[in-house]
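The values are calculated or read from the model by the stated rules, or taken from the named source; none is laboratory data. Quantities reported herein were computed from a predicted structural model and do not represent experimental measurements. Note that each Cβ is placed from the backbone with ideal geometry, even for glycine, and that neighbours are counted across all protein chains shown. Just so you know, the surface numbers come from the protein's heavy atoms only, side chains and all, with ligands and any DNA or RNA stripped out. Shrake-Rupley method; radii C 1.70, N 1.55, O 1.52, S 1.80 Å.
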Amino acid sequence: MGIKWRPWAWPAAPLALALLAVTGCESTPGARPKPTAAPSTPVARVCAEPAVGPAKAPAGAVTVDPAVAGDLAAKTRSSPPNTTFWLRPGKHRLEPERYAQVLPKQGNTYLGAPGAVLDGRKTNQYAFGGTARDVTIRHLTVQGFVAPHNEGVVNHDSADGWVIEHATIQHNSGAGLMAGARQRVRASCLRGNGQYGMNAYKATGRISGLVVEGNEIVGNNTDDWERRRQGCGCTGGVKFWAVDRADVRGNWVHDNRGAGLWADTNNNDFRIEGNVLEANDGAALIYETSYNAVIRKNTIRRNNRVEGRRYADRGDTFPFATVYLSESGGEPRIRARTDKIEIYRNVLENNWSGITLWENADRFCNSPANTSSGDCTLLVKDTDRCARPGIASAPLYADCRWKTQRVDIHHNRFVLDTSVVECTVKCDRMAVLANYGTYPDWSPYQGERVAEAITREQHNRWHDNVYLGPWKFVAHDPSRVLDFVQWQGTPYQQDAGSAFRARDGG
């Protein structure tokens, strides 16, 4: 999984009004920015201002005593399904054994009183697991658990129908939270977890109907997994795998080490809207080998300034971007609420570069360069079909690779002040490109075929945007760096109806 590039509608505002207020950079070049204060725009400030749980046990609820180790797990075992548990104020503990955990029954509800904390004491791996459906957790802090890499603490087994509301899931190893189908995560604080705030992954099948709404997702990947396992693609605020129909709205996703939001491998039908994505070390949003999405009305600022600078300082010419679409596009044959990827009415301000549309010519079903661990596209069920000679002709030629196609980017504002970002080169790119196909030797996508397709043939279009700052544009391959006139001209003909002011900042 992960990204490898080497082989292996509002109307545009007048320019005088388009420049947004700029927040200054508090770091020196190469340093990790200081944590972000709450922005002036409305956001989900749930970590600093959590909603308070019930001070008294609701009628019929089972009271859980923090003075008795393992009381919560024991009372869960002895109670019938659909029981409500009220955790009294204080620090609750499980038995001091690695695999001790709460195994809810279907329909159970767990309510935390003010000050109720379930603490794993760096001993227990999991807090809530099992396969019971329709479990609810509200007003509870879960901390100090030590889930292994790629595993999670709450809903460890990705059971379906869980509701996580007004919870604080913090300072755990692995992922704070896993996800199943129809899961709702609302108004919760996912903070300072070792790998992810949430890992939306199910070992078998797809996850459908996921809602992530009004949460604060901050400071995750404290264990810096990309450094420990270079190229693992396994870090960030939230990671989504094979999720079908997700609504990600109204979240404040900030100061995560790595990407803020990352959809990786055969996701489909996402709506990502009304979020504030800022000061993440990597991209604000990565949409990788996935399909059909609407990305709108988001405020995206000060992202990718750690990772983007790191690659630039190494001399890498690839346009590492703040919104990164990698082998992802619209596909009408896959059922969704849209048949394209539409990116509109967003504000991108003082990030390291803008939007990159990328396609790796050597990444397709059955290619050794496919980093998606043997997965194939949603259009081909039998991966073995993607082999010679059939892959060289229709329909497999098109269907055996994920394509960055039918991407519509319009009515966005792109603001760049290089004095704020503290850069002189390579932080100013908007791009649509591919590499020169070389591998494997039986690949039908060798040479410039994919670069030509993504640039001119796959209906990827910028139009009616506003640009403020010294933006440059990359087309076809990293060597073709264009100015705005060249970008609008033949043969690229991008950004019709857009306004451009090369003034650096305001």
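Do we find that ASP224 is more than 20 Å from GLY329 (Cα to Cα) and of a type outside the set (A, V, I, L, M, F, W, C) in this structure? Full working, then the answer.
Working: more than 20 Å from GLY329 (Cα to Cα): yes; of a type outside the set (A, V, I, L, M, F, W, C): yes.
In short, yes.
Residues of region 443-494 being acidic (Asp, Glu) and farther than 17 Å from GLU327 by Cα, which ones? Walk me through how you get there before you give the answer.
So the first thing to find is which residues in region 443-494 are acidic (Asp, Glu), and the list is 448, 452, 457, 464, 477, 483.
Passing the criteria: ASP464, ASP483.
Which ones in region 212-245 are of a type in the set (A, V, I, L, M, F, W, C), at pLDDT 95 or above and open to solvent by 10 Å² or more (accessible area, probe 1.4 Å)? Can you show your working first?
First pass over region 212-245, keeping only residues of a type in the set (A, V, I, L, M, F, W, C): 212, 217-218, 225, 232, 234, 238, 240-243.
Filter once more, so that each one left must be at pLDDT 95 or above: 212, 217-218, 238, 240-243.
Passing the criteria: VAL218, TRP241, ALA242.
Out of the residues in region 74-84 that are open to solvent by 60 Å² or more (accessible area, probe 1.4 Å) and in a loop (DSSP other than H, G, I, E, B), state the one that is farthest from ASN108 (Cα to Cα).
PRO80
Mind listing whichever residues of region 172-206 are of a type outside the set (D, E, K, R), more than 21 Å from HIS149 (Cβ to Cβ) and surrounded by fewer than 24 Cβ atoms within 10 Å (Cβ to Cβ)?
Step one: list which residues in region 172-206 are of a type outside the set (D, E, K, R), which gives 172-181, 183, 185, 187-190, 192-201, 203-205.
Subsequent filtering for residues that are more than 21 Å from HIS149 (Cβ to Cβ) retains 181, 183, 185, 187-189, 205.
Passing the criteria: ALA181, ALA187, GLY205.
Of the residues LEU378, LEU396, LEU433, LEU416, which is assigned by the TED database to the domain that holds ALA283, over 19 Å from TYR291 (Cα atoms) and crowded, with 20+ Cβ neighbours inside 10 Å?
Working: LEU378 fails: over 19 Å from TYR291 (Cα atoms); LEU396 fails: over 19 Å from TYR291 (Cα atoms); LEU433 fails: over 19 Å from TYR291 (Cα atoms).
It is LEU416.
With (1) under 29 Å from TRP252 (Cβ atoms); (2) touching a helix residue (DSSP H, G or I) at 6+ places or on another chain (Cβ under 9 Å) as the list, and GLN101 as the residue in question, which single condition is left unmet?
(1)
Can you go through ALA394, ALA321 and tell me which one is part of a loop (DSSP other than H, G, I, E, B) and closer than 19 Å to ALA431 by Cα? First the steps, then the outcome.
Working: ALA394 fails: closer than 19 Å to ALA431 by Cα.
Exactly one residue qualifies, and that residue is ALA321.
Just to check your reading of the model, which residue among ALA181, ALA203 is over 25 Å from THR371 (Cβ atoms) and of a type in the set (Gly, Ala, Ser)?
Working: ALA203 fails: over 25 Å from THR371 (Cβ atoms).
Within the list ALA181, ALA203, the selection yields ALA181.
Which of the residues belonging to region 246-285 are surrounded by fewer than 21 Cβ atoms within 10 Å (Cβ to Cβ) and of a type in the set (Lys, Arg)?
Matches in region 246-285: ARG249, ARG271.
Scan region 337-367 residue by residue and report those that are assigned to a loop (DSSP other than H, G, I, E, B) and surrounded by fewer than 19 Cβ atoms within 10 Å (Cβ to Cβ). Lay out the reasoning, then the answer.
Of the residues in region 337-367, the ones assigned to a loop (DSSP other than H, G, I, E, B) are 337-340, 345-346, 350-354, 360-367.
Hits for region 337-367 are ARG337, THR338, ASP339, ARG345.
Within region 117-140, can you find the residues that are open to solvent by 20 Å² or more (accessible area, probe 1.4 Å), closer than 11 Å to ILE169 by Cα and over 27 Å from the mean Cα position of the chain (by Cα)?
VAL117
Looking only at region 470-493, count how many residues are open to solvent by 80 Å² or more (accessible area, probe 1.4 Å), over 30 Å from the mean Cα position of the chain (by Cα) and within 17 Å of ILE454 (Cα to Cα).
2
Each row is one residue, and each column tells you yes or no for (1) in a loop (DSSP other than H, G, I, E, B); (2) of a type outside the set (Gly, Ala, Ser); (3) open to solvent by 90 Å² or more (accessible area, probe 1.4 Å); (4) at pLDDT below 95.
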{"position": "THR63", "(1), (2), (3), (4)": "no, yes, no, no"}
{"position": "ALA67", "(1), (2), (3), (4)": "yes, no, no, no"}
{"position": "LEU72", "(1), (2), (3), (4)": "no, yes, no, no"}
{"position": "HIS92", "(1), (2), (3), (4)": "no, yes, no, no"}
{"position": "GLU95", "(1), (2), (3), (4)": "yes, yes, yes, no"}
{"position": "TYR99", "(1), (2), (3), (4)": "yes, yes, yes, no"}
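So which of GLY209, GLY205, GLY180, GLY194 is on the phi > 0 side of the Ramachandran plot and modelled with pLDDT of 95 or more? Give the steps one after another, and end with the answer.
Working: GLY205 fails: modelled with pLDDT of 95 or more; GLY180 fails: on the phi > 0 side of the Ramachandran plot; GLY194 fails: on the phi > 0 side of the Ramachandran plot.
Every option except GLY209 fails the conditions.
So which strands (runs of 3 or more DSSP E) are wholly in region 454-506 and hold at least 1 residues that are on the phi > 0 side of the Ramachandran plot, modelled with pLDDT of 95 or more and assigned by the TED database to the domain that holds LYS403?
472-476
Give the residues of region 403-412 that are open to solvent by less than 40 Å² (accessible area, probe 1.4 Å) and either among the charged types (D, E, K, R) or in contact with a helix residue (DSSP H, G or I) (Cβ under 6 Å, 6 or more places away or on another chain) (or both), sorted by residue number. Give the steps one after another, and end with the answer.
So in region 403-412, the residues open to solvent by less than 40 Å² (accessible area, probe 1.4 Å) come out as 404-405, 407-412.
Across region 403-412, the qualifying residues are THR404, ASP408.
Out of all the residues in region 215-269, which are in contact with a Phe, Trp or Tyr (Cβ under 9 Å, 6 or more places away or on another chain), part of a loop (DSSP other than H, G, I, E, B), over 20 Å from ASN172 (Cα atoms) and not hydrophobic (A, V, I, L, M, F, W, C)?
Matches in region 215-269: THR265, ASN266, ASN267.
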